[in-house]
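Have a look at the structure below before the remarks.
The values are calculated or read from the model by the stated rules, or taken from the named source; none is laboratory data. The structure presented is a predicted model; accordingly, all values stated were derived computationally and were not measured. We place every Cβ from the backbone using ideal geometry, glycine too, and count neighbours over all the protein chains shown. The protein model used for the area step is the full one, side chains on, heavy atoms only, and it has no ligands, DNA or RNA in it. Shrake-Rupley method; radii C 1.70, N 1.55, O 1.52, S 1.80 Å.
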Amino acid sequence: MKKRLILFCVLATFQTFIVAQNKVIVNADMGKDVISKHIYGHFAEHLGRCIYDGFYVGEKNTTIPNKDGIRTDIVQALKKLKIPNLRWPGGCFADTYHWKDGIGPKDKRPSMLNVWWGGVTEDNSFGTHDFLNMCEEIGTEPYLAANVGSGTVQELIDWTRYVNFEKGNPMADLRKQNGREKAWNVKLWGVGNEVWGCGGNMKPEYYANVYRQYATFMTGWDNNNKLFRIASGASDDDYNWTEVLMRDIPHNMLEGVAVHHYSVIDWRKKGSDRAFSEQEYFTTMQKALFMDEIVRRHSIVMDKYDPKKKVAMVVDEWGGWYEVEQGTNGAFLYQQNTMRDAMIAGTTLNIFHKYCDRVRIANLAQAINVLQAVILTKGEKMILTPTYHVMEMYNVHQDATNLPLSIQTENYKVGKDSLPAVSVSASRDKEGVVHISLVNINPNKAQDVSVSLRGMLAKAVSGRILTSDKVQDHNTFESPDKVSPKEFKGASLKGEELKVSLPPVSVVVLTLK
Ligand code: AHR
């Protein structure tokens with residue numbers, strides 16, 4: 001009896017070594033919804049060092065290589081990232097911004113105070129031409145956020161005509177006078193930002209009417225080119241906001257409804273950007289994974305009014321938000337970016353893929369030197385953050401078909417609370433290549449994942465991994481490549497079965513051919 005018990009224990013222990021703790025089934029021959037590339041969008045606000053001393057260093061008095069004042073290294077890095085769209089000029093700043101202040105000769109442009117972000121002087125040297133020309137350089141679509149809170153309908157009509165009308169309008173003539181012959185043809189337009197707060201403290205019923213008024217006069221540039229108008233959306237889980245907008249705005253004047261959700265531990269005590277405890281990390285991930293519920297529940301509300309899913313959900317602000325880096329201006333929202341941010345990025349993108357039938361645009365906040373930035377700068381130096389690397393590794397999913405999958409995963413536990421340790425997403429691109437992205441958020445334990453590939457006999461698997469010893473690890477100006485993607489050798493194929501070994505805090509993207 002004793003011998004049999006010992007044998008059982010040995011076998012059981014052995015089994016835990018060979019049986020994967022996590023099981024995934026990927027239906028590689030199924031899938032109908034496309035993961036819009038636009039969920040890989042970014043955001044550039046006149047906030048802290050995002051525009052000035054970030055994207056834009058000015059034409060004069062700088063030794064930093066630039067074209068028309070825009071840093072060339074940033075343009076190159078964003079090209080490599082394949083960013084599909086860039087939202088500008090805010091954020092809260094958008095509802096204080098008067099676009100006409102930012103056109104014409106730079107020395108004649110008026111200055112204003114940036115009241116939301118530190119009361120600094122905004123000299124308007126970076127305006128509409130600078131932004132739209134920069135988008136052309138990067139090869140990305142501009143997404144303009146219009147001023148509803150303190151602007152006028154006429155101001156917005158004029159802006160749409162200034163940037164989109166080829167001729168036959170005083171605004172088109174003004175643009176030409178200012179040196180730009182061809183219209184830019186901007187399609188994506190936000191009608192106000194966070195109008196429940198910094199954008200005017202409105203109630204949803206009131207805003208629905210305001211939106212209807214503004215949207216009525218926002219026309220395309222010819223009969224074939226309709227604008228894509230995006231209503232200022234809910235904060236986090238305010239489902240009533242979405243309900244009222246979907247109910248009260250006719251859908252022929254509504255192309256998208258926004259949602260904002262940040263991963264914040266506590267708005268009164270956001271915690272350090274890099275010296276955080278495991279409990280703080282866990283809470284951040286709880287907040288990040290809450291995105292799944294937020295998107296699912298807003299979708300249910302939208303389905304009620306729009307079962308054919310014509311109106312897009314636009315998550316045009318998301319990311320981690322911590323206390324600013326010690327010694328920096330509190331209003332500039334500059335924070336370091338660690339492996340924790342890589343975990344937020346990987347899991348959030350997997351969530352967006354899962355709901356890609358509704359989520360069709362999203363914007364990480366923000367691109368340079370603000371919040372969960374993909375790039376940080378210091379003088380002429382520039383570093384790519386762990387978040388940059390995740391977004392670059394993941395860009396193989398852009399415009400690919402989302403593959404339905406099921407997952408059974410171990411839990412990552414801290415105290416009495418637990419979260420799913422592994423997050424997975426899969427897609428098939430236009431050439432038939434399948435990509436699977438996996439995230440192990442557990443900082444203490446590797447995860448073995450067994451993936452059944454249904455409907456595909458893959459011949460080869462290759463991959464890349466982003467990982468580091470500690471979840472607090474990050475890149476610095478002195479050590480810019482501490483966290484960077486490497487070749488991944490932890491995956492093997494046997495018939496339909498794919499075995500993957502994920503180290504603690506890691507993001508892996510596999511290619512199956
Ligand atoms: O991204 C920073 C700020 O967060 C934006 O300006 C605002 O829209 C949000 O509250």
All but one of (1) under 17 Å from the mean Cα position of the chain (by Cα); (2) assigned to a strand (DSSP E or B); (3) away from the ligand (no atom under 16 Å from the Cβ) hold for Met382; which doesn't?
(1)
Within the set of pairs 6+ apart or on separate chains, which have a first residue in region 355-384 that is outside the structural domain of Lys304 (by TED's automatic domain parsing) and over 21 Å from Gln76 (Cβ atoms), a second that is within 16 Å of the ligand (Cβ to nearest atom) and at pLDDT below 95, and C-beta atoms under 9 Å apart?
none
Do we find a residue being touching a helix residue (DSSP H, G or I) at 6+ places or on another chain (Cβ under 7 Å), of a type outside the set (Gly, Ala, Ser) and without any contact (Cβ under 8 Å) to a residue 60 or more places away in the chain anywhere in region 37-51?
no
Would you pick out the residues in region 295-327 that are crowded, with 24+ Cβ neighbours inside 10 Å and within 16 Å of the ligand (Cβ to nearest atom)?
Val314, Val315, Asp316, Glu317, Trp318, Gly319, Gly320, Tyr322
Name, by its number, the condition in (1) part of a helix (DSSP H, G or I); (2) crowded, with 20+ Cβ neighbours inside 10 Å; (3) not polar (S, T, N, Q) that does not hold for Val257.
(1)
What pairs can you find where one residue is in region 116-137 and closer than 23 Å to Ala331 by Cβ, the other is assigned to a helix (DSSP H, G or I), and their Cβ atoms are less than 6 Å apart, with a gap of 6+ or different chains?
Trp116/Cys92; Trp116/Phe93; Asn124/Asp101; Asn124/Gly102; Ser125/Lys106; Gly127/Gly102
Counting only residues that are open to solvent by 50 Å² or more (accessible area, probe 1.4 Å) and within 16 Å of the ligand (Cβ to nearest atom), region 192-204 contains a total of 2
Of the residues in region 192-228, those that are outside any helix (DSSP H, G or I), out of contact with any His (no Cβ under 8 Å at 6 or more places or on another chain), within 16 Å of Gly149 (Cα to Cα) and of a type outside the set (A, V, I, L, M) number 9
Within region 40-60, is there a residue that is crowded, with 24+ Cβ neighbours inside 10 Å, assigned to a helix (DSSP H, G or I) and away from the ligand (no atom under 16 Å from the Cβ)?
yes
Met343, sole failed condition from (1) assigned to a helix (DSSP H, G or I); (2) closer than 17 Å to Leu510 by Cβ
(2)
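Is at least one residue of region 82-94 assigned to a loop (DSSP other than H, G, I, E, B), away from the ligand (no atom under 16 Å from the Cβ) and aliphatic (A, V, I, L, M)?
Kept after step one, since they are assigned to a loop (DSSP other than H, G, I, E, B), are these residues of region 82-94: 82-84, 89-91.
With the extra rule that they be away from the ligand (no atom under 16 Å from the Cβ), the set shrinks to 82-84.
Applying the additional criterion that residues be aliphatic (A, V, I, L, M) yields 83.
For region 82-94, residues assigned to a loop (DSSP other than H, G, I, E, B), away from the ligand (no atom under 16 Å from the Cβ) and aliphatic (A, V, I, L, M): present.
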Expected output for region 288-301 (first residue more than 22 Å from Asn440 (Cα to Cα), partner acidic (Asp, Glu) and not in a helix (DSSP H, G or I), Cβ below 8 Å, 6+ apart or cross-chain) is Arg297/Asp237
Picking from Glu410, Glu392, the residue that is under 30 Å from Glu478 (Cβ atoms), away from the ligand (no atom under 16 Å from the Cβ) and of a type outside the set (Gly, Ala, Ser) would be Glu392
Show me the strands (runs of 3 or more DSSP E) entirely contained within region 105-191 in which 1 or more residues are charged (D, E, K, R), buried (at least 18 other Cβ atoms within 10 Å of the Cβ) and in the same structural domain as Leu78 (by TED's automatic domain parsing).
120-122, 141-146
How do the strands (runs of 3 or more DSSP E) wholly within region 402-467 filter down when requiring 3 or more residues that are crowded, with 20+ Cβ neighbours inside 10 Å and of a type outside the set (Lys, Arg): which remain?
422-428, 434-440, 447-454, 461-467
State all residues of region 227-254 that are touching a residue at least 60 places away in the same chain (Cβ under 8 Å), of a type in the set (A, V, I, L, M) and closer than 11 Å to Val311 by Cβ; if no residue qualifies, say none.
Ile230, Met246
